[in-house]
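Structure first, commentary second.
The values are calculated or read from the model by the stated rules, or taken from the named source; none is laboratory data. Not measured: the values here are computed from a predicted model. Methodologically, a virtual Cβ is constructed for each residue, glycine included, from the backbone with ideal geometry; neighbour enumeration extends over all protein chains shown.
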Amino acid sequence: RRAAWGAPPEEAVSKLPPGSLCLSVRTGEQLRALWEEQQRPGKGFARAYVDGDLFFPDGNLSAPEREGAEDGALSVCQRLAETCQVVLSLPFVLRGRDGRFLELLAGLLSRYPDVFCGVQVRSLDGLGWCRSLRQDPSRRFAGKIFADAGFYFWNRETVRAFAEVIDGFCLPYELNASEQSCLTDGPIPCEKVVYGHLPMMISANCVAKTMGRCGEEKGQRHLFPRVFLIDRCQKRFPVEADCLHCYNIIYNCVPLSLHGELGRWKDRVPFRVDLTVEGRTESGRILAYFRELAAKGYPKPGRDSDVPPLFSGNGSYTTGHEKRGAE
């Protein structure tokens, strides 16, 4: 099957072992929960994707986080880099107005190559920006480029097309298990999201602004308290208003959780936990749960009849398109 893919790229990225744990964080509380979890004995998370917005906690690009702030994102990332790979995540949406933001991120990557091993891109615009950094001799950016699930690596041809520019990617949410498995032995290493509130929509139409609560006008990075959309069945869909870049992320009302399927995948890909709307305490509980599964070698396929402790409330979760895929 390897021959069907053609030759691998000349500079092969070091792959994480199958069954390794990765984590994506979007808030400072989640980042600090990860640091606390990494202090526990045993094998921790191998890679952390840290949202670039966290380095501008007040939403003020003219006054980014002070270097050396003890509880700041940069300080936590410097400590994390001693225990795992740290990857800087770009926004889902990039516009011309984000030039100053990208310039500051480029400075972080240039000054701290020992902290940030690469960049996670979520759009073609982000990929273009990373490639321009690589081609700029003054930047000296030699980090890896990882594509998020939104890049839609739907088939082998897509993977082959990006083989020379992408160093790793996330399996698409929309493919079922059988379709995803066809992409796991190609020329680009991949990972699989096994937990998280999946984004159902990325929208430039701001729900909060419609309600007269524009966070950008108030100089906020994110709008709190959080806004929810409620459907006719009274299900609450969390809305993250990213005021720094002026777009909304509408998340599913229940998290994806593939805790009962990990045994089928543990010898094929690393696993990724996506923290989105969770607070610090809940984040710590989720991280501890998946670390415990890893320590036990992951459950055997099909053994998911017991509701894990992280769903102790109403026990609601979804397995997404794992079995049926998108139509």
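Points to keep in mind about this one:
- Residue match in the range 63-71 (condition: modelled with pLDDT under 95 and of a type in the set (A, V, I, L, M, F, W, C)): yes
- Of the criteria (1) buried (at least 22 other Cβ atoms within 10 Å of the Cβ); (2) part of a helix (DSSP H, G or I), which one I166 fails: (2)
Matching residues to (1) buried (at least 21 other Cβ atoms within 10 Å of the Cβ); (2) among the aromatic types (F, W, Y); (3) under 20 Å from L90 (Cβ atoms):
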residue: D242; (1), (2), (3): yes, no, yes
residue: Y247; (1), (2), (3): no, yes, yes
residue: L256; (1), (2), (3): no, no, no
residue: R268; (1), (2), (3): no, no, no
residue: E282; (1), (2), (3): no, no, no
residue: L287; (1), (2), (3): yes, no, no
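- Count of the range 115-147 residues, restricted to those that are among the basic types (K, R), outside any helix (DSSP H, G or I) and in contact with a Phe, Trp or Tyr (Cβ under 9 Å, 6 or more places away or on another chain), is 1.
- Answer residue from the range 85-101, given it is touching a Lys or Arg at 6+ places or on another chain (Cβ under 9 Å) and aliphatic (A, V, I, L, M) and is surrounded by the fewest Cβ atoms within 10 Å (Cβ to Cβ) among those: V93
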